[in-house]
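Enquirer: I'd like to ask some things about the structure below.
All of the numbers you see were taken from the coordinates with simple rules; none came from a lab. Note that this is a predicted model, so its numbers are computed, not measured. Don't worry about glycine lacking a Cβ; one is built from the backbone with ideal geometry, like all the others, and counts go over all protein chains shown.
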Amino acid sequence: MKCPVTDREDMVDDCYIEIQFGYGSDKDMWTYKFGDKHGAVHDVVGKKVLEAIQSLMPEGRSVEDFGEDTLAEGQKQWEAEWEAMTQEERDKCKAEWGIV
C-alpha cells in the first residue's frame, strides 16, 4: 500500500483525516479528505497535522483535549455486549471465531 500524500510504501499504521470548512470561510464549504477514496495516509501525516494544530494553540492547551481513545471505547462497548449475551450466543461467537 502506498500513501497518497507522501508516496511512502512502508505503511504499517494508517491515518484518516477530514477537514471541513464552514460557511463564510475563504474555503467556504470545502471538505478535504485524506485517507478515504484515495486510501489511507501514512500515520506520520496525521502526526504532522496534529503538530501543526498544536503549534497554533495557546500555552496550556493541547490537541489531546480533542482526542478520543476509540479503541478503549470500543472495548468497553464490546465487553458490555459480551456480558449481555446468553451462553448460547457466546458459544456461537466463539465457534464463528474458531475458538471452541
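Enquirer: In region 39-60, what residues are outside any helix (DSSP H, G or I) and over 17 Å from Tyr16 (Cβ atoms)?
Expert: Met57, Pro58, Glu59, Gly60
Enquirer: Would you be able to tell me the number of residues in region 1-58 that are touching a strand residue (DSSP E or B) at 6+ places or on another chain (Cβ under 6 Å) and of a type in the set (D, E, K, R)?
Expert: Of the residues in region 1-58, 4 are touching a strand residue (DSSP E or B) at 6+ places or on another chain (Cβ under 6 Å) and of a type in the set (D, E, K, R).
Enquirer: Collect the residues in region 4-36 that are in a loop (DSSP other than H, G, I, E, B), among the hydrophobic types (A, V, I, L, M, F, W, C) and closer than 22 Å to Gly67 by Cβ, keeping them in residue-number order.
Expert: Val5, Met11, Val12, Phe21
Enquirer: Given (1) closer than 28 Å to Asp7 by Cα; (2) free of Cβ contacts under 8 Å to residues at least 12 places away in the same chain, where does Val44 come up short, assuming only one miss?
Expert: For Val44, the failing item is (2).
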